[in-house]
1. Kindly indicate whether any position in the stretch 333-353 is modelled with pLDDT of 80 or more and surrounded by 17 or more Cβ atoms within 10 Å (Cβ to Cβ).
2. How about the stretch 264-287: which of its residues are touching a strand residue (DSSP E or B) at 6+ places or on another chain (Cβ under 9 Å), within 30 Å of LEU198 (Cα to Cα) and assigned to a helix (DSSP H, G or I)?
3. Tell me, which residue of the stretch 288-331 that is in a strand (DSSP E or B) and among the charged types (D, E, K, R) is nearest to CYS219 (Cα to Cα)?
4. For residues that are surrounded by 18 or more Cβ atoms within 10 Å (Cβ to Cβ), aliphatic (A, V, I, L, M) and assigned to a loop (DSSP other than H, G, I, E, B), tally how many sit in the stretch 193-232.
5. Cβ-Cβ below 6 Å, separation at least six or inter-chain, first residue in the stretch 120-138 and closer than 17 Å to THR193 by Cβ, second exposed (fewer than 14 other Cβ atoms within 10 Å of the Cβ): which pairs?
6. Take the stretch 226-256 and flag every residue that is at negative phi and touching a Lys or Arg at 6+ places or on another chain (Cβ under 7 Å).
7. What pairs come up if the first residue lies in the stretch 72-83 and is free of Cβ contacts under 8 Å to residues at least 40 places away in the same chain, the second is in a helix (DSSP H, G or I) and of a type in the set (Lys, Arg), and their beta carbons are under 6 Å apart, counting only those six or more places apart or on different chains?
8. At pLDDT below 95, in contact with a helix residue (DSSP H, G or I) (Cβ under 6 Å, 6 or more places away or on another chain) and not polar (S, T, N, Q): which single residue out of ILE79, ILE74 fits that description?
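The values are calculated or read from the model by the stated rules, or taken from the named source; none is laboratory data. Predicted, not measured: the structure shown is a model, and the values here were computed from it. Don't worry about glycine lacking a Cβ; one is built from the backbone with ideal geometry, like all the others, and counts go over all protein chains shown. Accessible surface is based on the protein model in full, side chains and every heavy atom, while ligands, DNA and RNA are left aside. Shrake-Rupley method; radii C 1.70, N 1.55, O 1.52, S 1.80 Å.
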Amino acid sequence: MKFCAIFVLFIVLGINGYDCKIVQFIFGDSLSDVGNNKNLPRSLATANLPYYGIDFGNGLPNGRFTNGRTVSDIIGDKIGLPRPVAFLDPSMNEDVILENGVNYASGGGGILNETGGYFIQRLSLWKQIELFQGTQDIVVAKIGKKEADKFFQDARYVVALGSNDFINNYLMPVYSDSWKYNDVTFVDYLMETLESQLKVLHSLGARKLMVFGLGPMGCIPLQRALSLDGNCQNKASNLAKRFNKAASTMLLDLESKLPNSSYKFGEAYDLVNDVITNPQKYGFDNSDSPCCSFYKIRPALTCIPASTLCKDRSKYVFWDEYHPTDKANELVANILIKRFDFMRADDGTSQAPSPAPDIAPSSDTN
């Protein structure tokens, strides 16, 4: 599991008559997906069923793999940013791109093209980058190449993937990567691929970029349910640590080589691990099982209309077998904002859209 967060300083610029803003472009997986997979008709990795989105807006499924907001939603709201629209959202056009930026994140997607293959449809990072290139063509046609180059170079970029490359690839024997590599060589393979992808993004104008690390993957409810004793699976969590160390080193090296680049690595492993290990310290009652589950059948994999909900969603760290609740996302977002000293981008008077309630009781019980 992984807690992904999006950090952007929102500034208004006048570009040849266009009121262009510094916006964000998000590349990620289900922790950041805000509706792309919802618009992939054959994808098996979707959040289209109740009770996803129950604490967001009108309470209906909206493509987010949680009951409320993602970490990126919360951080953007708190520093006065509009929410980037999913690339596959029907409302997407040139004006939306210039006003809000774009979110390409896709549930089940990974750094590697082969990751998550059994989901049928998902957008890998390479595919997301390809879609970003198409976005550039649209903006160039709208405001011209010179202005578009400045727009994209001034933008902020977030890359938040990696957990699926382990959970839905390397750690599953149905994938050839599970026997072609060992722990060391697989992480090397990921780093080589990710480095190539970041270089392509740089060539496309990405100058200010943040890559997010992984949390203790072995402690998500799915991994616990698949273990013999219900405890965290150390192998998966140790792989997350190995990934984080390698990615941090790679990013520093890349920043030193690519001109005008400003790269940051978002490390949240220790924070998330402490929340899971000491939930009461952070106001939670449960950090080892999902709020939404299919009675006592584990793992249920996804939340469905026949599932039952916990009594108080604000007391659970995990929403389903994979993903955190809105409350857990809020905790991580608040701590990361403080850690990285983010500032509001407006005068503090803007209203954050679709906030989830602090306490979201349910009439259903586990």
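1. Scanning the stretch 333-353, I find at least one residue that is modelled with pLDDT of 80 or more and surrounded by 17 or more Cβ atoms within 10 Å (Cβ to Cβ), so the answer is yes.
2. VAL272, the sole residue that qualifies.
3. Restricting attention to the stretch 288-331, the residues satisfying the condition of being in a strand (DSSP E or B) are 288-290, 292-294, 297, 308-309, 312, 316-318, 324.
From what's left, among the charged types (D, E, K, R): 288, 312.
Details: ASP288: 7, ASP312: 21 Å.
Among those residues, the one meeting the criterion is ASP288.
4. Looking only at that region, the number is 3.
5. Short answer, once both residue conditions are applied: SER124/ASN113; TRP126/ASN113.
6. Let us first name the residues in the stretch 226-256 that are at negative phi, namely 226-229, 231-256.
Those that are at negative phi and touching a Lys or Arg at 6+ places or on another chain (Cβ under 7 Å): ASN231, CYS232.
7. none
8. Numbers: ILE79 fails: in contact with a helix residue (DSSP H, G or I) (Cβ under 6 Å, 6 or more places away or on another chain).
One residue alone meets the criteria, ILE74.
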